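The values are calculated or read from the model by the stated rules, or taken from the named source; none is laboratory data. This is a predicted model, so every value here is computed, not measured. Don't worry about glycine lacking a Cβ; one is built from the backbone with ideal geometry, like all the others, and counts go over all protein chains shown. Heads up: the accessible areas ignore ligands, DNA and RNA and are worked out on the full protein's heavy atoms, side chains in. Shrake-Rupley method; radii C 1.70, N 1.55, O 1.52, S 1.80 Å.
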Amino acid sequence: MQVPEHLHYTEEHEWIEQLEDSRIRIGITDYAQDQLGDVVYVELPEVDTEVAKEDLIVEIESTKSVGEVYAPFAGKIVAVNDAVAESPELVNSSPYDEGWLAMIEVEGEIDTSDLLDAGGYGNLTE
Amino acid sequence: MNRSPLHQTHESLGARFVDFGGWEMPVQYDSVLAEHKAVRTSSGFFDVTHLGRFELSGTGAVSALRHLLCNDIDRIEPGRCQYTMILNENGGIIDDMIVWWWDSETFWVLPNAANQDRVMAMFADQPGCDVQDLQMRTVMIALQGPQAPDVFESVIGAKPGRFRTATAEYEGGVLSMAGTGYTGEAGGEICTDPDTGRRLLQALVREGVTPCGLGARDTLRLESGLTLWGNDIDETTTPLEAGLGFAVSLDHDFIGRDRLVAQSEHGVERKLTGLVLSGRGIPRSGYDVRSDDGGVGTVTSGNLSPILETGVGLAYISPPTDLGTGVEVEVRGRWVRGTVEDPPFHKERG
């Protein structure tokens, strides 16, 4: 399983990439896509939606089950990856890159102290 | 947990496993969608060793089949197979199964894995019947797809006709075969000893047949509208409610007949109905359904149809509704539009 070094992770198998201007990009991990199996639908939020921390923002349906993605921080959805709505299989084939899900402009400081680093997440999924 | 004697072969093919009715069986090798499409366009094989199977023989065998099962074995003859059900007194489906008729007093009965012991015991209690468990000493392989008949010819040198039995010698072993399956495609199911089964599986791999797991088996059967016992049918549903009237013969006496006679005279209060969604979303078991003509119900099976690339499902709707009626399925708080359609869902209609 791939666990890129430059990302942060949650125990719910989401990855978080810190960008400039207090923005973050999120997606699900290689482990998560592998557990879900073939992804067949991705339900993305509307751009400009205000979200609270731990709000359900993305639903990912596979042939096996439904995966839920929660906002890791409060903020506003500033972009979504329309490519995965068209081609849900990108979540399987490229979970950290072409299969990203949403971009959030975080309200206030981005506090990553509750998140896992690559090493910590790698241990979790071993 | 039981394991198929073919387990190691699956491991070497990269299978992932799932617990299914006390059996650790392959759920997928590469991708459920890829395996599904292989079976719709070329051919795939499934290890279905977990399926129930026993031999029924004796002077009382035919009488027992006619008494316990709602389809009439007298509709067929030796060398043929029949889809049928065993009902309770109230017409509820204790199990559905295929019967293979070998010769006058010898049958194979193939119940669902979970019901093997119960169904075998019910037959054993009938006068003049001997039953012999086949499940633990044989393997069973399903070979399915539009190219499956060609694979039967090229690898085995024989193929069973549709709903017919056949036997063949294969590398020192004997294959017992029937032209049956659970995918809606051509092909058949093969029962043999574990060593012969291993050699056959390797030959199928060399022939380029796609290994398929229970994940694809489920999406294939659903897309074809084939019911799954425990999901779509059980002891609280009757064959007529489930749309399985083709496998009911009211012309003979059998357990549960009275209820079916009443239902065929007065109609059923609910009916298992095919749904094809036009909106985005996948119906899942337990989701609520409402039809534009006022019917309500619950989804019993649902998934993506990999061929239509849209959500499809089966749901009991009460009162029964007509083909083409608009419906909505509640997918986690959102009502998604769809239409009542007759499976198989993936076949072109015109």
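Working only within segment B:260-281, note down all residues that are under 20 Å from B:D96 (Cα atoms), of a type outside the set (S, T, N, Q), in contact (Cβ under 8 Å) with a residue 12 or more places away in the chain and not in a loop (DSSP other than H, G, I, E, B). B:L260, B:K271, B:L272, B:G274 - these are the residues of segment B:260-281 that are under 20 Å from B:D96 (Cα atoms), of a type outside the set (S, T, N, Q), in contact (Cβ under 8 Å) with a residue 12 or more places away in the chain and not in a loop (DSSP other than H, G, I, E, B).
On the stretch given as segment A:86-109, residues that are open to solvent by 30 Å² or more (accessible area, probe 1.4 Å) and under 19 Å from A:D48 (Cα atoms) total 5. Within segment B:282-333, being in a loop (DSSP other than H, G, I, E, B), open to solvent by less than 20 Å² (accessible area, probe 1.4 Å) and within 14 Å of chain A (Cβ to nearest Cβ) holds for B:I282, B:P283, B:P306.
If you check B:T59, B:T41 for being modelled with pLDDT of 95 or more, surrounded by fewer than 23 Cβ atoms within 10 Å (Cβ to Cβ) and not assigned by TED's automatic domain parsing to the domain that holds B:Q263, only one passes: B:T41. The strands (runs of 3 or more DSSP E) located wholly in segment B:147-225 that include 1 or more residues which are within 14 Å of the chain's Cα centre (by Cα) occupy B:173-178, B:187-192.
Scanning segment B:198-213 for residues that are surrounded by 21 or more Cβ atoms within 10 Å (Cβ to Cβ) and over 18 Å from B:S154 (Cβ atoms) returns B:C212, B:G213.
I need a count of the residues in segment B:228-259 that are within 17 Å of B:H67 (Cα to Cα), of a type in the set (G, A, S) and either more than 17 Å from the chain's Cα centre (by Cα) or in a loop (DSSP other than H, G, I, E, B) (or both). Total satisfying the criteria: 2. Scanning segment A:42-54 for residues that are open to solvent by 60 Å² or more (accessible area, probe 1.4 Å) and away from every other protein chain (no Cβ under 14 Å), we see that the one that is nearest to A:N81 (Cα to Cα) is A:V47. For segment A:57-71, which positions are of a type outside the set (D, E), within 14 Å of another protein chain (Cβ to nearest Cβ) and open to solvent by less than 80 Å² (accessible area, probe 1.4 Å)? Within segment A:57-71, A:I57, A:V58, A:I60, A:S62, A:T63, A:S65, A:V66, A:G67, A:V69 qualify. Among the residues of segment B:268-281, those identified as within 14 Å of chain A (Cβ to nearest Cβ) and buried (at least 20 other Cβ atoms within 10 Å of the Cβ) are B:L277, B:G281.
Please go through segment B:19-33 and pick out each residue that is open to solvent by 50 Å² or more (accessible area, probe 1.4 Å), within 14 Å of chain A (Cβ to nearest Cβ) and not charged (D, E, K, R). Within segment B:19-33, just B:F20 meets the criteria.
In segment B:206-217, of all residues being in contact with a strand residue (DSSP E or B) (Cβ under 7 Å, 6 or more places away or on another chain) and of a type outside the set (G, A, S), the one that is farthest from the other protein chains (Cβ to nearest Cβ) corresponds to B:V209. When the criteria are applied in full, B:G91 fails the requirement of being away from every other protein chain (no Cβ under 14 Å), at positive phi and open to solvent by 10 Å² or more (accessible area, probe 1.4 Å).
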